[in-house]
1. Quick query: amide H of Leu103 versus all other amide H atoms, modeled in the peptide plane; which residues come in under 5 Å with a sequence gap of 5 or more or a different chain?
2. Residue-wise, which Karplus ³J(HN,Hα) couplings in Hz belong to region 3-15, taking 6.51 cos²θ - 1.76 cosθ + 1.60, θ = phi - 60°, and x for glycine or proline?
3. Could you work out how far the C-alpha centroid of region 81-106 sits from that of region 2-23, in angstrom?
4. Peptides 114-121, 14-21, 102-109: what's the order by average Cβ count within 10 Å, highest mean first?
Amino acid sequence: IDFGTLSGRALLVRVSDGHEIADAGMDYPHGVMDETLAATGEKLPPDFALQDPHDYLEVLRYDIRKVLADSGVAPEDIIGLCVDFTCCTMLPVDENFTPLCFLDEYKNEKFAYAKLWKHHAAQPYADKLNAVIVLLPSDSIFQDAETLADIVLIIGITRILEMRGTYRLGKSSCLHHV
């Protein structure tokens, strides 16, 4: 199953020789929400690009049923499933991995929906982080970081080490053994 920007597609392949047996595709009912939030009709701010994860479930139901029906393959003969999403799709979830927009208290909240690769509403914050990073001392743990993703990863690892009590982050962003 490939969940893309505007649609989801499924492909059924025979493992023994790679033969494509059947395929199916479905456009997302809500498409890309970049002007209004479908749940409320609220006008979205500039640079928003959201998806409704209910659409993923609809695609899954439709595409799987269609490839099975078109191919005549029995469900019990399926031995694996691969899932692919458009790069950088982020979906806020609760502690049970339920999408926040599925919960009554958040279903009308634009920040509870999946953010697509082209959702750039947080760009001003990323710009501020990038501006701060260049001011860090050259001997800091961030000295070899090339991207914001590197910084986030380093901070995450650092926090884990701090929680374990083996290292602490000093004032100059240097990692010190405890």
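All of the numbers you see were taken from the coordinates with simple rules; none came from a lab. All values reported here derive from a predicted model rather than from experimental measurement. FYI the Cβ positions are ideal-geometry reconstructions off the backbone, even for glycines, and counts take in every protein chain you see.
1. Amide H neighbours of Leu103, under 5 Å, 5+ apart: none.
2. Per residue, the Karplus-derived 3J(HN,Hα) values read 9, x, 6, 10, 7, x, 10, 10, 9, 9, 10, 7, 5 Hz.
3. With region 81-106 and region 2-23 each reduced to a Cα centre, they are spaced 22 Å.
4. Ranking the peptides 114-121, 14-21, 102-109 by packing returns 114-121, 102-109, 14-21.
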